[in-house]
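Nothing in this text is a laboratory measurement; each read-out follows from the coordinates by a stated rule. Note that the structure is predicted; figures quoted are calculated from it, not measured. Methodologically, a virtual Cβ is constructed for each residue, glycine included, from the backbone with ideal geometry; neighbour enumeration extends over all protein chains shown.
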Amino acid sequence: QVQLVESGGGLVQAGGSLRLSCAASGGTFSTYAMGWFRQAPGKEREFVAAISWSGLSKYYTDSVKGRLTISRDNANNTAYLQMNSLKPEDTAVYYCAARMGGAISTMPQVYDYWGQGTQVTVSS
């Protein structure tokens, strides 16, 4: 059973930065595609970014391109989301997810494991 634990969320002013981490255990992290999703109050969970098992392929939703960067460290079983130039509309609970043996995807339903989420709040 794979477990994912997010950390690094918090309260930041608009224009600020945060770095989210997703620590994985209980599986072979280096074989998973990883994704970050977010859910704001009253809204559906939405795709933010994804990275292939090798780290060579990355994909972002348009609203975060140039501001957020996904990366991974397979030696330490951790995925990251570097968030710069944050905006109030980035406020949400951020979740990491792992997809076993598959390509990166924007669809939450294809991911096999999920973390508990970490709150990101951006004040104006």
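Details
- Over the range 44-124, relative contact order from alpha-carbon pairs under 8 Å, at least 6 apart, %: 29
- Here the alpha carbons of the range 68-124 define both size measures, Rg and Dmax, at 13.0, 40 Å.
- Each of G16, Q116, G35 was scored by the projection of its Cα onto the charge dipole of the chain, and the greatest displacement toward the positive side belongs to G16; charges sit on the C-beta of Lys, Arg, Asp and Glu.
- Within the chain: Cβ-based charge dipole about Cα centre, in debye rounded to nearest 20 (Lys, Arg +1; Asp, Glu -1): 160
- Difference of contour (0.36 nm per residue) and Cα-Cα distance, D73 to S7: 22.2 nm
- A crude spin-label estimate for the pair S54 and M107, with each label 7 Å from Cα along the Cβ direction, gives 2.4 nm.
- Cross-link partners of K58 among aspartates and glutamates (Cα-Cα below 17 Å; sequence separation of 8 or more within a chain): E46, D73
- Per-peptide packing, taken as the mean over residues of other Cβ atoms within 10 Å, places 47-53, 76-82 in the sequence 47-53, 76-82 from highest down.
- A simple packing score, the average count of other Cβ atoms within 10 Å per residue, orders the peptides 6-14, 27-35 as 27-35, 6-14, with the highest score first.
- The chain: most fluctuating residue of A24, A98, A75 per GNM, C-alpha cutoff 10 Å: A75
- Between S63 and A40, the simple label model (points 7 Å from Cα in the Cβ direction) yields a spacing of 0.5 nm.
- Sequence-distant residues sharing a close amide H with T91 (under 5 Å, placed H): V122
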